[in-house]
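Peer 1: Pasting a structure below so you can have a look.
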Amino acid sequence: MADATGNQEAKDYGFGIPVANPVYELKGANNYDWGMKDRLSRVFNPKSGKTVMLAFDHGYIMGPTSGLERIDLTILPLLEHADCLMCTRGVLRACIPPTFNKAISLRCSAGSTVLTELNDECIGVEIEDAIRLNASMMAAMGSIGGKFEALTVKNICKLVETGNRYGIPTLGVTAVGKELTRDARYLAMASRVLFENGAQVIKTYYCAEDFQKVTAAVPVPIVIAGGKKLPELDALKMAYQAIDQGAMGVDMGRNIFQAEDPIAMIKSVRGVVHDNMTPEDAFTMYNDLKGSQQGRE
Ligand code: 5RP
């Protein structure tokens, strides 16, 4: 208990030394409140400024996706190598032990599947449940130029409104859809619209031509989705080129959990994202780790 008398006198005021006032370095985030910065620091490693997010929320539109049939067998061994886990609340509660203590990017939009019309979504997770689950970020699809543009932008705005109230950032995901192209012009437009509506982080696709225009057009961090499974070297090249052109990380699913050796793959992706490894060096690392005991540690 604090005493009122007999204490040492306070004297170390550091006269002449300006009070430390460090800048929060994450792109676009300097003016956010403390809680939001703290959550973003769990997603983006403060040392490298980058993130390796492991996406395994595919089931919410695709059902039991290849590689995700048994989350306990295939995904749990990968968790320690990820900075942030992107998943639904169903999987989080049923399959992910809370002891992993990783940042969570919670899939909060819901409403349609690959069997019907993608992107006909609402916000299915209320802020109270996101808080209960200690989400570091809340994610919703934004289908710019698609049939459900207005609906999905409204969903993003709702997440931003409630997220800002409680200090939880929103991840705006540029939607997949048959009618939507994936060139730099479209991706910059879609990403910029989600940012303008308040999303603090944007997830979009990499495009081979002019991707730097996409990252330059958006004043907050962009992370790339991996997309369909590619040969491992190609996936590492994509991650490298995206980072080289201004992306601040990956939110990768199938190219990790469908790889021949998923643990070796996520470690190699980390090498590219956090340690500036070239794709060739990361691929050598992948092959060295593949199937070895080291790959599983
Ligand atoms: C679906 C998503 C997925 O999380 C996303 O596509 C990432 O997974 P992959 O790398 O397999 O594409 O947001 O909309």
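The values are calculated or read from the model by the stated rules, or taken from the named source; none is laboratory data. This one's a predicted model, so the numbers in the text were calculated from it and none came from an experiment. Using ideal geometry, Cβ is built from the backbone for each residue, glycine included, and neighbour counts are taken over all protein chains shown.
Peer 1: Considering each residue of the stretch 248-271, count those that are away from the ligand (no atom under 12 Å from the Cβ) and among the basic types (Lys, Arg), and give that number.
Peer 2: 2
Peer 1: Looking at Ala225, Ala188, can you tell me which residue is under 25 Å from Ile127 (Cα atoms) and at pLDDT 95 or above?
Peer 2: On the way: Ala188 fails: under 25 Å from Ile127 (Cα atoms).
Checking each option against the conditions leaves just Ala225.
Peer 1: Considering only the stretch 115-149, how many residues are among the β-branched types (Val, Ile, Thr), surrounded by 15 or more Cβ atoms within 10 Å (Cβ to Cβ) and either over 19 Å from the mean Cα position of the chain (by Cα) or under 15 Å from Asn164 (Cα atoms) (or both)? It would help to see each step written out before you state the result.
Peer 2: Residues of the stretch 115-149 among the β-branched types (Val, Ile, Thr): 116, 123, 125, 127, 131, 144.
Next, from what is left, pick out any that are surrounded by 15 or more Cβ atoms within 10 Å (Cβ to Cβ): 123, 125, 127, 144.
This time we only want the ones that are either over 19 Å from the mean Cα position of the chain (by Cα) or under 15 Å from Asn164 (Cα atoms) (or both), so: 127, 144.
Total satisfying the criteria: 2.
Peer 1: Please work out which residue is modelled with the lowest pLDDT, limiting yourself to the stretch 104-128 and to residues that are in a strand (DSSP E or B) and not aliphatic (A, V, I, L, M).
Peer 2: Here is the first cut: in the stretch 104-128, the residues in a strand (DSSP E or B) are 104-107, 109-110, 122-123.
Then drop every residue that is not not aliphatic (A, V, I, L, M), which leaves 105, 107, 109, 122.
Numbers: Ser105: 98, Arg107: 98, Ser109: 93, Cys122: 89.
Among those that are in a strand (DSSP E or B) and not aliphatic (A, V, I, L, M), it is Cys122.
Conditions tested, residue by residue: (1) away from the ligand (no atom under 16 Å from the Cβ); (2) without any contact (Cβ under 8 Å) to a residue 40 or more places away in the chain; (3) within 19 Å of Leu159 (Cα to Cα); (4) surrounded by fewer than 24 Cβ atoms within 10 Å (Cβ to Cβ).
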position	(1), (2), (3), (4)
Met189	yes, no, no, yes
Glu196	yes, yes, yes, yes
Asp210	yes, yes, no, yes
Ala217	yes, yes, no, yes
Val223	no, no, yes, no
Leu230	no, yes, no, yes
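Peer 1: Would you say Glu69 is out of contact with any helix residue (DSSP H, G or I) (no Cβ under 9 Å at 6 or more places or on another chain), surrounded by fewer than 20 Cβ atoms within 10 Å (Cβ to Cβ) and outside any helix (DSSP H, G or I)?
Peer 2: Values: out of contact with any helix residue (DSSP H, G or I) (no Cβ under 9 Å at 6 or more places or on another chain): yes; surrounded by fewer than 20 Cβ atoms within 10 Å (Cβ to Cβ): yes; outside any helix (DSSP H, G or I): yes.
Yes, satisfied.
Peer 1: Looking only at the stretch 198-208, filter to residues that are touching a residue at least 40 places away in the same chain (Cβ under 8 Å) and buried (at least 24 other Cβ atoms within 10 Å of the Cβ); which one of those is farthest from the ligand (Cβ to nearest atom)?
Peer 2: Filtering the stretch 198-208 for residues touching a residue at least 40 places away in the same chain (Cβ under 8 Å) gives 198-201, 203, 206.
In the following step, the residues that additionally are buried (at least 24 other Cβ atoms within 10 Å of the Cβ) were identified as 199-201, 203.
Working: Ala199: 13, Gln200: 16, Val201: 12, Lys203: 6 Å.
It comes out as Gln200.
Peer 1: Test Ala175 against the criterion of being at negative phi, crowded, with 23+ Cβ neighbours inside 10 Å and at pLDDT below 95, and give yes or no. Working first, answer last.
Peer 2: On the way: at negative phi: yes; crowded, with 23+ Cβ neighbours inside 10 Å: yes; at pLDDT below 95: yes.
Considered against the rule, which asks whether it is at negative phi, crowded, with 23+ Cβ neighbours inside 10 Å and at pLDDT below 95, Ala175 comes out as yes.
Peer 1: Within the set of pairs 6+ apart or on separate chains, which have a first residue in the stretch 42-62 that is closer than 17 Å to Arg93 by Cβ, a second that is within 16 Å of the ligand (Cβ to nearest atom) and aromatic (Phe, Trp, Tyr), and C-beta atoms under 8 Å apart?
Peer 2: Phe56/Phe257
Peer 1: Within the stretch 79-103, track down each residue that is within 13 Å of the ligand (Cβ to nearest atom) and either aliphatic (A, V, I, L, M) or assigned to a loop (DSSP other than H, G, I, E, B) (or both). Give the derivation first.
Peer 2: Within the stretch 79-103, the first condition is being within 13 Å of the ligand (Cβ to nearest atom), and the residues that meet it are 82, 84-88, 91.
Of everything in the stretch 79-103, those that are within 13 Å of the ligand (Cβ to nearest atom) and either aliphatic (A, V, I, L, M) or assigned to a loop (DSSP other than H, G, I, E, B) (or both) turn out to be Ala82, Leu85, Met86, Thr88, Val91.
Peer 1: Could you go through the stretch 281-295 and let me know if any residue there is in contact with a Phe, Trp or Tyr (Cβ under 7 Å, 6 or more places away or on another chain) and at pLDDT 95 or above. Write out each step before concluding.
Peer 2: As a first pass, look at the stretch 281-295 and keep what is in contact with a Phe, Trp or Tyr (Cβ under 7 Å, 6 or more places away or on another chain): none.
No; the residues of the stretch 281-295 include none that is in contact with a Phe, Trp or Tyr (Cβ under 7 Å, 6 or more places away or on another chain) and at pLDDT 95 or above.
Peer 1: If you don't mind, there's one more thing I want to ask. Within the stretch 147-161, does at least one residue satisfy the condition of being in contact with an Asp or Glu (Cβ under 6 Å, 6 or more places away or on another chain) and more than 26 Å from Arg93 (Cβ to Cβ)?
Peer 2: Yes, there is a match, as at least one residue in the stretch 147-161 is in contact with an Asp or Glu (Cβ under 6 Å, 6 or more places away or on another chain) and more than 26 Å from Arg93 (Cβ to Cβ).
Peer 1: I want to confirm something. Restricting to the stretch 46-64 and keeping residues that are buried (at least 18 other Cβ atoms within 10 Å of the Cβ) and farther than 16 Å from Arg107 by Cα, which single residue is farthest from the ligand (Cβ to nearest atom)?
Peer 2: Only one residue tops the list, namely Lys50.
Peer 1: Kindly evaluate Pro64 against the criterion of being closer than 28 Å to Lys147 by Cβ and not in a helix (DSSP H, G or I). Can you show your working first?
Peer 2: Values: closer than 28 Å to Lys147 by Cβ: yes; not in a helix (DSSP H, G or I): yes.
Judged against the criteria, Pro64 is a match.
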